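The values are calculated or read from the model by the stated rules, or taken from the named source; none is laboratory data. Given the structure is predicted, the values throughout are model-derived calculations rather than measurements. Neighbour counts run over all protein chains shown; Cβ positions are idealised from the backbone, glycine included.
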Amino acid sequence: MWRVGVDVGGTFTDLFGWEETTGERVTAKVLTTPWDRSVGVIEAVKKAARDSVEAVEQSGIPFDQISCLVHGTTTATNALIERSYPTPALVTTQGFRDTIEIGRQHRQDLYDPYQVKPKPLIRRRYRYTVPQRINVKGEEERPLDTAAAQQVAETIKAENIRSIAVCFVNSYVNADHERQMRDILLKHIPDAHIMLSGETRPLFREHGRFVTTAVSAALKPVMGAYFDHLLERLTQQGFDGSLLILKSSGGVMGVDLAKEHPEELLESGPAGGVAYAGYLADAIHEPSIICADMGGTSFDASIVEDGKGLVTREYELEFELPIILPMLDIHSVGAGGGSIGWVDSGGSLRVGPRSAGSQPGPACYGNGGAEPTITDANLLLGRLEPTLGGKINLDRQAAEQAVSRVAEQLGLSTVETADAMIQISCEIMAQAVKKVIINRGRDPRDFVLTSFGGAGPMHACFVARAMNIPKVIVPAAAGVASAFGATVMDVRQDVEQFMYAPIGEVDLDRLNSAYAELEQTARTLLARDNVSAENVLINRTAQMRYVGQTYEIETPIPEGALTRDALVSIADTFHAVHKQEHGVSSDIFDPAFVSLSVAATAPTAALPSYKSVAAENIVAMKSSRSVYFSGEWIDCPIYNGQILQPGAELQGPAILEYLDSVAVLPPGAQATVDTQGNLIIQVGR
Amino acid sequence: MQSSALEKTGDSIKNRAGLDHITFEVLRNLFEYTCDRMTAVLQRASFSPILSDMVDFSNAIYDPEMRLLSQAANVPVHLAAMKFSAHAIRDEFGIENMKDGDIYVVNDPYRGGTHINDISWIKPIFYKGTELLGFAVSRGHWMDFGGGAPGGQSWGTHIAEEGLRLPPIKAFENNEMKPEILKILLANTRTPHFIQGDLQAHVGCLKAAEEEMQSAAERYGLETIKAAMAELIAYTERIVRKKIESIPDGVYTGEDYADTDGQSDDPVKVQVTLTVKDSDITVDLTGSDPQCLGAINSPKANTHSAVFYSLQFFLEPSAPQNEGMFNPISVVLPDDCWLNPKWPAPTIGCTVLAAPKVASAVWQAIANALPERAVGSACGDCNWFVCGVREPDGKTDVFSDLPAGGWGGTPFNDGMNVTMDPLGNCMNMEAETAELMFPIAYEAFDIRQDSAGDGHHRGGVGSHLKIRFLCEGAMSVETARTREGTPGVNGGQRSSPQRLWHLRADGTQEIVGGLTEDNRWLNPLLRGHKLSYGDTFWFETTGGGGWGNPLDRPVQEVLDDTLDEYISVEKARDVYGVIVDMATRTVDEAATTALRAAMRTDDA
């Protein structure tokens, strides 16, 4: 039986699968079919092929041989960004109708008098209020006005709205009124989908909780229809395995839970890449990895520590649209192969964030692009071969014209300008990595950099050097990284509960029973995905802060019954984590619990090792050509990366050409191919 | 490593100030990043809500000669003022006497400060302990330094009523705080529980800057860093001057008013004469009213900030914010003027009350220079209130918030709804955060219908904020635009004025600031206004000014605004000439065409 990962991205649908006993592996890359994404998914399964030395063997995986299909998708994020969903309704406390529109009343751009804010997720006319009030202690101050509530239910029914977010102030401490409201709504609209903010995430701070609940209500019909359709198409093909979906926190859940909690799917695409980096962390014994993904328009950076992706609770879908779930901390900047070089009015060379995209694309694509891009620069420096292995004919002259226009403004040669563009762009990428690493108090020198995406391995060594990172990994499955990661992810549930208590005043019984309840909730959720109790791993954390602060820091909490002694060590841990993240800490302040979290995971089956059936004695070196590095043209060997054998050793300068990407080893770098086909590079100086 | 590669290319890339393009671009980004990182630390590690929730602070780095290098001014009104504070330290101690491990502090409005609550911490940064690399400055609004009312909002006639004034002093030596200074700070505040946590956060953010600057020097060497600093300033100056050259030479004027100084019922005038000549701008405030008795006076540093930040919107806001943007602009301050006061004039209202009036007057002058880019004014105030609270058990605290209004309509779109005035970029308190910390309940923070200035592109709408007291409260308020609303442009209309209400637990209610129902105007600068248990304080904020004639607004947009209740059916009819039937959610097209035609004739 096969375990299959499918990642549906904006342009390509990638597949990676392995046979559960033999460890045999297959991959596929087909075009995404945006009108009906299931078409691409099915095509990928049918085209899945073993990589062999010379030709690509077409075989496909029989649908009835798939035990488990793990799926990552950007459908949820796209629907939100385009606001393309049937309008939901919002029912909220009187006086809070506009919380999801006003946000925190600040602006994105400090000095732009013409700026506009993102459209609210739900129009004002579909936001309704009812008189009611629960106070900060969870006591009822004003009962729910049932007459008003019924009126609202009738109005929503008349609008023909079926997806409703119920968001009352202070429901994180007591959601009774939200539940009463749900009962009333269901009485009037029995087929309504109703999301309660106190159940979606019972955490304080209404803006984030309301927005997250509104997101859930908006996505509910979209993702329900999407998954139903996908499952139906797969079943028609003979699939009767389990369909698992990637979640933003870096785990998977069954499709039924995914339909109930679509708000957990916003990083469903990129999560797979981070999981692959986590897998590599174990495989190559490097616990701390920076996961860097560079494509045509953007560069995404995230961190893996101890094999797990670093998580944030401060994700914003768009400006002032916070999602308060634990999500992988992925930082994105506009730097990619299509990023455009330009000279600003002060005479400085800049690169990006504007991109030539796929239309017109880089000048060398010959589609009318007149502005110089990173791809054009790489071509001029000899780092890209003009046919990309016979796939396309890049127009060197067009690239030269485009770059020379910028070069003239700077008074530099074309080649110098191309080189400067690459270096500046690598610095911008390094900056993105720093945002993730240094802002969270980590030292880049403790990390290795893994590089995914078509444009990644060309720049990885330069980015690493700019960060003082000594080692770069170009993984064997870099071209289908997210799909690979999908197959090795744990089934996972993250649950959380508000409990504010200064550590000195904590009621231990309450603390212990709160964790016990959370664990039980998580286990029950996992059981729905057929995880047996003995396979569950529980990881406790708490969101903590000093009494009086506003922002929390995730602090590890030990297992078992917590005692007074345990509280002392929790306080010590908190001081240490605060020091790591913010550079300061002090025991003159009291730490406080703000909310308690449990991540429950069930490890997935391990990927069996597999020896590739490569022929012996093949020559990977193809040719050589002149490539520009650091101010000079150097005669540089060109290798077919696809057929480099484990144990191969290479010296920079060298160019390695793969099916979907090109790796550049600058002078001073050294590389070896490990037993699993990963290229391990010491970037040198 | 990277530096060796750069040295090789250095010969072939045409040098500018001894730098190549790559190193320049890298360091430009690095200096910006440094300030961003300072911001991240201060926001997350600080204790008082005005810093962590409301983000009323700014951070900057300076070169060894104390020229501004980069700034993350979350609060534009800190833009130029931080430099004045840093220079006050320089003038007091002399750069040559500063040592590694020193941190200096100042908040004196008459020694480089603005109002007492804005306190600046200044740390010289050294490379290898001896070579001066520059300075890091972290400025934050601290909740309370004592004085005659919580938050210093005593609306008195003497600076001494506004709290503890710190002249330029050295607070840290060898990275250790002098204990007596901490004792003085703790003894002169209503909120001692915030002091050490906020202090720790400021220190953390200065250390973060030090780390970044030192590692940059490690990588590029001291000389390259210094060359990059000089070039960065020249670079910004080039960009800004180019922009100024594109504005037609000429003399342009603008004016605006504060409603009151709190001591008299007379409005207080700002007069701006803006002269553009080649690549220079002079902003002359001659003609503005004399120094006020009341507490809205704007010290030199604050007035400079207001001029610079308001121009920034129409010059090159994306250029690195450094000394280079100040060089082409000069400010002329008359001697006896509320925008250039002398000790002992009180100044608490300078940042949020005086500065936006200066800015609004500058924007009007700019509108005359660049009519095609003119925008309606923004709400023009941040409605900052500070409230002392006392619970039945005697426990006291100080609570603060700043409900926003709307921004002006623009040639391209409507103004932003409920967004902090350009002077700052502070966030509001969330109800659930505030209720956890203070004995109050938020009853509303939502959109105020019909508050926007109408227009082809209307202003953004203002808000209602309602807070119920579960304790005794003493409310002080800084606000304006209570006599008339925000001005529009190009035929756009004014917004509705702001109003302050006191709703009593017994169900009675009265207006306590602004225009009453019978059109009397009440001074809205409340000082310790008493609220009892169960009472509700209600703030109605104003919208932004409109842009263009409301009759030119497309009918569909008026319909949408009506259905979304940003405007009322009456407003749609009386101002926009659009007849909306709420029951059918349609427009009576024929009646609308006729009404709009008639209204146009009336106008003409």
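Only a single item in (1) touching a residue at least 60 places away in the same chain (Cβ under 8 Å); (2) within 24 Å of B:Ile348 (Cβ to Cβ) is not met by B:Ile195, and it is number (1). Within this structure, A:Thr297 fails the test of being within 28 Å of A:Thr212 (Cβ to Cβ), within 14 Å of chain B (Cβ to nearest Cβ), surrounded by fewer than 24 Cβ atoms within 10 Å (Cβ to Cβ) and of a type in the set (S, T, N, Q). Among residues of region A:18-38 that are on the phi > 0 side of the Ramachandran plot, those with a Cβ under 8 angstrom from a residue that is among the aromatic types (Phe, Trp, Tyr), sequence gap 6+ or separate chain, pair up as A:Gly23/A:Tyr610.
Taken as a whole, region A:14-28 holds no residue that is buried (at least 20 other Cβ atoms within 10 Å of the Cβ), within 30 Å of A:Pro118 (Cα to Cα) and within 21 Å of the chain's Cα centre (by Cα).
What do you reckon, is A:Val436 β-branched (Val, Ile, Thr) and either outside any helix (DSSP H, G or I) or in contact with a Leu (Cβ under 6 Å, 6 or more places away or on another chain) (or both)?
On the way: β-branched (Val, Ile, Thr): yes; either outside any helix (DSSP H, G or I) or in contact with a Leu (Cβ under 6 Å, 6 or more places away or on another chain) (or both): no.
Taking the combined requirement at face value, the residue does not satisfy it.
Each row is one residue, and each column tells you yes or no for (1) more than 8 Å from chain B (Cβ to nearest Cβ); (2) free of Cβ contacts under 8 Å to residues at least 12 places away in the same chain; (3) closer than 20 Å to B:Glu430 by Cβ; (4) not β-branched (Val, Ile, Thr).
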site	(1), (2), (3), (4)
A:Thr99	no, no, yes, no
A:Asp112	no, yes, no, yes
A:Val116	no, yes, no, no
A:Ile164	yes, no, no, no
A:Ser171	yes, no, yes, yes
A:Asn174	yes, no, yes, yes
A:His193	yes, no, no, yes
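Restricting attention to region B:330-347, and to residues there that are surrounded by 20 or more Cβ atoms within 10 Å (Cβ to Cβ) and in contact (Cβ under 8 Å) with a residue 60 or more places away in the chain, which single residue is nearest to the other protein chains (Cβ to nearest Cβ)? Only one residue fits best here, namely B:Leu339. Scanning region A:619-671 for residues that are in contact with a Phe, Trp or Tyr (Cβ under 8 Å, 6 or more places away or on another chain) and exposed (fewer than 15 other Cβ atoms within 10 Å of the Cβ), we see that the one that is nearest to A:Gly479 (Cα to Cα) is A:Met621.
Could you list, in sequence order, the residues of region A:359-385 that are among the charged types (D, E, K, R) and part of a loop (DSSP other than H, G, I, E, B)?
Let us first name the residues in region A:359-385 that are among the charged types (D, E, K, R), namely A:371, A:376, A:383, A:385.
Those that are among the charged types (D, E, K, R) and part of a loop (DSSP other than H, G, I, E, B): A:Glu371, A:Arg383, A:Glu385.
Entry remark, region A:301-321: residues being part of a strand (DSSP E or B) and farther than 23 Å from A:Val215 by Cα number 7 in total. Within region B:390-407, the set of residues being part of a strand (DSSP E or B) and either of a type outside the set (Gly, Ala, Ser) or assigned by TED's automatic domain parsing to the domain that holds B:Ser52 (or both) comprises B:Arg390, B:Thr396, B:Asp397, B:Val398, B:Phe399, B:Asp401.
I'm trying to understand the selection: among the residues of region B:57-83, which are part of a helix (DSSP H, G or I), within 14 Å of another protein chain (Cβ to nearest Cβ) and not β-branched (Val, Ile, Thr)?
Within region B:57-83, the first condition is being part of a helix (DSSP H, G or I), and the residues that meet it are B:76-78, B:81-83.
With within 14 Å of another protein chain (Cβ to nearest Cβ) added as a condition, the list becomes B:76-78.
Result: B:Pro76, B:His78.
Residues that are surrounded by 24 or more Cβ atoms within 10 Å (Cβ to Cβ) and within 14 Å of chain B (Cβ to nearest Cβ) within region A:373-393 comprise just one, A:Ala377.
For region B:84-100, the count of residues that are buried (at least 24 other Cβ atoms within 10 Å of the Cβ) and part of a loop (DSSP other than H, G, I, E, B) is zero.
Filter region A:484-521 down to residues that are touching a residue at least 12 places away in the same chain (Cβ under 8 Å), over 20 Å from A:Glu552 (Cα atoms) and over 19 Å from the mean Cα position of the chain (by Cα), then give me how many there are.
First, pick out the residues of region A:484-521 that are touching a residue at least 12 places away in the same chain (Cβ under 8 Å): A:484-504, A:506, A:508, A:511-512, A:514-515, A:517-519, A:521.
Pick out the ones that are also over 20 Å from A:Glu552 (Cα atoms) and you get A:484-493, A:508, A:512, A:517, A:519, A:521.
Among the residues that remain, those that are also over 19 Å from the mean Cα position of the chain (by Cα) are: A:508, A:512, A:517, A:519, A:521.
Here the count works out to 5.
Within the bounds of region B:536-550, is there any residue that is away from chain A (no Cβ under 14 Å), closer than 22 Å to B:Cys387 by Cβ and in a strand (DSSP E or B)? Scanning region B:536-550, I find no residue that is away from chain A (no Cβ under 14 Å), closer than 22 Å to B:Cys387 by Cβ and in a strand (DSSP E or B), so the answer is no.
The set of residues in region B:132-163 that are among the hydrophobic types (A, V, I, L, M, F, W, C) and over 26 Å from B:Asn425 (Cα atoms) comprises B:Leu132, B:Leu133, B:Ile159, B:Ala160. Those residues that are facing another protein chain (nearest Cβ under 9 Å), assigned to a loop (DSSP other than H, G, I, E, B) and within 30 Å of B:Phe47 (Cβ to Cβ), I need them from region B:417-460; list them, please. Answer for region B:417-460, where residues must be facing another protein chain (nearest Cβ under 9 Å), assigned to a loop (DSSP other than H, G, I, E, B) and within 30 Å of B:Phe47 (Cβ to Cβ): B:Val418, B:Thr419, B:Met420, B:Pro422, B:Gly424, B:Asn425, B:Cys426, B:Met427, B:Asn428, B:Glu430. Here A:Gly198 fulfils each of the conditions (1) within 14 Å of chain B (Cβ to nearest Cβ); (2) within 24 Å of the chain's Cα centre (by Cα) apart from (2).
For the criterion of being in a helix (DSSP H, G or I), in contact (Cβ under 8 Å) with a residue 24 or more places away in the chain and within 23 Å of A:Glu199 (Cβ to Cβ), A:Val222 passes. For region A:503-561, a tally of residues being within 30 Å of B:Ala434 (Cβ to Cβ) and either assigned to a loop (DSSP other than H, G, I, E, B) or not assigned by TED's automatic domain parsing to the domain that holds A:Pro591 (or both) returns 8. Output yes when any residue across region B:512-521 is small (Gly, Ala, Ser) and surrounded by 18 or more Cβ atoms within 10 Å (Cβ to Cβ), and no when none is. Checked region B:512-521: at least one residue is small (Gly, Ala, Ser) and surrounded by 18 or more Cβ atoms within 10 Å (Cβ to Cβ). Annotation note: Cβ proximity below 8 Å between a residue of region A:597-623 that is over 22 Å from A:Glu657 (Cα atoms) and at pLDDT below 65 and a residue that is in a loop (DSSP other than H, G, I, E, B) and among the hydrophobic types (A, V, I, L, M, F, W, C) (sequence gap 6+ or interchain) occurs for no pair.
Among residues of region B:1-51 being part of a loop (DSSP other than H, G, I, E, B) and more than 9 Å from chain A (Cβ to nearest Cβ), the one that is modelled with the highest pLDDT is B:Gly18. Of the helices (runs of 4 or more DSSP H) lying entirely inside region A:92-188, the ones with 2 or more residues being in contact with a strand residue (DSSP E or B) (Cβ under 9 Å, 6 or more places away or on another chain) and among the small types (Gly, Ala, Ser) are found at A:146-158. Of the listed requirements (1) at pLDDT below 95; (2) closer than 23 Å to B:Trp547 by Cβ; (3) surrounded by fewer than 24 Cβ atoms within 10 Å (Cβ to Cβ), B:Asp393 misses just one: (2).
Scanning region B:79-107 for residues that are aliphatic (A, V, I, L, M) and more than 17 Å from the chain's Cα centre (by Cα) yields B:Ala86, B:Ala88, B:Ile89, B:Ile95, B:Met98, B:Ile103, B:Val105, B:Val106. In the condition set (1) away from every other protein chain (no Cβ under 14 Å); (2) in contact (Cβ under 8 Å) with a residue 60 or more places away in the chain; (3) among the aliphatic types (A, V, I, L, M); (4) not in a strand (DSSP E or B), B:Met54 is compliant with all but (1).
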